[in-house]
There are 2 protein chains.
Amino acid sequence: MRISELVDRTGVPLATVKYYLREGLLMPGQATGATQADYDDAHVERLGLIRALIDVAGLSVKRAKAVIDVIEHPESDLVRTIGRALEELPPYGGSDAAEYPRAKRAIEALGQVYDPDYAAVAQLERALAAAEAAGVPMTDDRLRAYGGAIMELAEFDIGNMSTTDPADAVKYAVLGTALYEPVIAAMRRLAHQDAVYRALGGSS
Amino acid sequence: MRISELVDRTGVPLATVKYYLREGLLMPGQATGATQADYDDAHVERLGLIRALIDVAGLSVKRAKAVIDVIEHPESDLVRTIGRALEELPPYGGSDAAEYPRAKRAIEALGQVYDPDYAAVAQLERALAAAEAAGVPMTDDRLRAYGGAIMELAEFDIGNMSTTDPADAVKYAVLGTALYEPVIAAMRRLAHQDAVYRALGGSS
DNA sequence: CAGTATTGGATAGCGTCACTATCTTGTCAA
DNA sequence: TTGACAAGATAGTGACGCTATCCAATACTG
C-alpha cells in the first residue's frame, strides 16, 4: 500500500509517520521507484506498537526506539537482552547510588536474590524513598501482602513465556512489562473502588 | 528557616523553589517582612511530596498541583473526592468514548460492577487496546490470574485505610495509588527476574 | 501525452513544558 | 553603612514531539 493508505488505516498523521521514519521507529517501505514505496501490514502493526509504547506506556520517542531495536535484534543471552530493554522503560534511573538500603531490605524480606545491577532495584529504591518522603512509608505488613500477590502475577507471566523461541520470549517479556503495567494499575484502581463500594455497603 | 536553608535541606534549586511557589504547589512561608519569610518542616515535607509526585509518579506540575489541592481541601464526599484526585494521575484519559467493550468484559468477568464513569475504566480500556494492538492481547486465563492477585492487593490497601479521619483517608488513597504503583511495578519486574532465574536453575 | 496529484526527502517552525537566569527593589545584620 | 540576602516580576532556555512547507521526481487520469 502507499503511504497515504497507511495514514488512513492507522490514523497517524502523514507528517508524524514521516517523523517516525526519520527517527528509525518505523522501517522504510519497499521502494518501488524514486518517489514511491510499498508498505504492508507489518507497518500498520508497527505503528500500533509505537503508539502503544508512547501513548500508553509513556515512553519517549528515543526510548521507544531503543525498545523496538532490542525486540528486533535480540542478543543470544536472553536475560541480558531483556534486562537491556527493561532499562528503557520508565521509571528511569538517574544517578546510580550503588547502595539501595530500602530495596535491599525489601527484596531480602521476600526471599529473593539482591543484585544491585538490576535496574529494577534502583527503581524500587526510589519508589520506596518517594513513598517515605511523602509520608506513606512501606510497612512490613504491606510488603508481605504485596509480595505474595506480586509473586502470583509474576509466576503466571513467566509460566506462559515461550521457552523455545528466544525472539518471542524477548518480545513477550518486554511488551508484557511495558504494556501490562498500565493494565495492572487500572485494575488495581478499579479493585480499590470496588472494595470501597462494598465496604460502604453499596451506599455512596 | 530562611529560603536558603530550605534549598540546602531539600536540594531543590532556589529558582525551582520560587517556581513552585509561583505555581502554588508550595505554600508561601510566614512573611516576617517585605522581603523575608519563614519556612518550616512542612515546607520541607511538601517539597518532598512535590518531587515524589513529579519525579516518581510522573505527574506534570499542573496535575501535581491538582492532587495537592485535593489532599489539602477534601470535600465531604469521600468517594467523589478520591475519584477527582485519581483522574489527575496518569495514564490520562483522552477522548471519552462512552463505550469500553474490553474493560466491560474484563470487569464483569471479575464480578465487579461496571460503571463507565470511573476514570479507571477508560484507562483499563486503553491499556487493553494497546496490548492488543501491540500483539500481546489479554487472555481469559491471564485476566483470572491477575484479577485474583490484584484483589489481594486492593483488599490489603482498603483494609488498612483509616475510616475515622476523612482527610487522612483521602491522602492515603491518593498517595497510595500514585506512589505505590511504581513500587508494585518495580516489585513485579524483580519477581520476573527472580522467577526466570529460578526457572533457569540459577545459570545465567 | 498533458496535466494534476502524490511521494519521498529535507528543513524549518511551533507550542508546551519545566525549569533557569536576571533584574529590581527592599531589608536585615554586623 | 555596607554588603549579603530576600521577594517578586519577567524573560529566556533547551528538550521534546510533532507539524508545516518546499522541492524535485515520478505516477495516475483522462
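The values are calculated or read from the model by the stated rules, or taken from the named source; none is laboratory data. Not measured: the values here are computed from a predicted model. Neighbour counts run over all protein chains shown; Cβ positions are idealised from the backbone, glycine included. Each accessible area value is taken on the protein alone, full model and side chains, heavy atoms only, with ligands, DNA and RNA left out. Shrake-Rupley method; radii C 1.70, N 1.55, O 1.52, S 1.80 Å.
What translational diffusion coefficient, in µm²/s and rounded to a whole number, does the Stokes-Einstein relation yield for segment B:31-139 at 10 °C and a viscosity of 1.306 mPa s, taking the hydrodynamic radius as the Kirkwood radius over Cα pairs?
Values: Rh = 16.7 Å.
Value of D from the Cα-based Kirkwood radius: 95 µm²/s.
Averaged over the residues of peptide A:167-175, the number of Cβ atoms from other protein chains lying within 10 Å of each residue's Cβ is 2. The modelled label-to-label distance for the pair B:Ser60/A:Arg9, using points 7 Å beyond Cα in the direction of Cβ, is 3.3 nm.
Using the 2.2 N^0.38 Å rule of thumb for compact globular proteins, work out how chain A stacks up: its C-alpha Rg over that value, please. List each step's numbers first, then the result.
Numbers: Rg = 20.8 Å, N = 204, 2.2 N^0.38 = 16.6 Å.
My calculation over the Cα atoms of chain A gives 1.25.
Can you tell me how segment A:115-204 classifies by the Cα gyration tensor, rounded, prolate or oblate, using a/c under 1.5 as the rounded cut? It is oblate, given that a/c is not under 1.5 and a/b is not larger than b/c.
Note that the protein assembly as shown shows a convex hull volume over its alpha carbon atoms of 166 Å³ per residue. Counting only other chain Cβ atoms within 10 Å of each residue's Cβ, the peptide B:76-83 averages 2.
Mean partner shielding of peptide B:138-148, defined as the number of other chain Cβ atoms within 10 Å of each residue Cβ, is 4. Solvent-accessible surface (1.4 Å probe) assigned to A:Arg105 amounts to roughly 150 Å².
A straight line joining the Cα centroids of segment A:155-196 and segment A:107-147 runs 19 Å.
Segment B:65-99 and segment A:14-73 have Cα centres lying 34 Å from one another. Considering every alpha-carbon pair of segment A:86-146, the percent of pairs per 5 Å bin, from zero through the bin containing the longest distance, is 4, 18, 28, 26, 18, 6, 0.
Sort A:151-157, B:106-112, B:134-140 by the packing proxy (mean of other Cβ within 10 Å over each peptide's residues), most packed first. Could you put the intermediate results ahead of the total?
Values: A:151-157: 20.0, B:106-112: 17.3, B:134-140: 15.6.
By packing density, highest mean first, the sequence is A:151-157, B:106-112, B:134-140.
Accessible surface buried at the A:B interface totals approximately 7100 Å², computed with a 1.4 Å probe on protein heavy atoms.
For B:Met161, the solvent-accessible surface computed with a 1.4 Å probe is close to 30 Å², ligands and nucleic acids excluded. Temperature 4 °C, viscosity 1.567 mPa s: under these conditions the Stokes-Einstein estimate for segment A:1-88, based on its Kirkwood radius over C-alpha pairs, is 94 µm² per second. Averaged per residue, the protein assembly as shown has 49 square angstrom of accessible surface, using a 1.4 angstrom probe with ligands and nucleic acids left out. Using the Cβ-Cβ distance between A:Thr164 and B:Thr35 with R0 set to 51 Å, the FRET efficiency works out to roughly 0.10.
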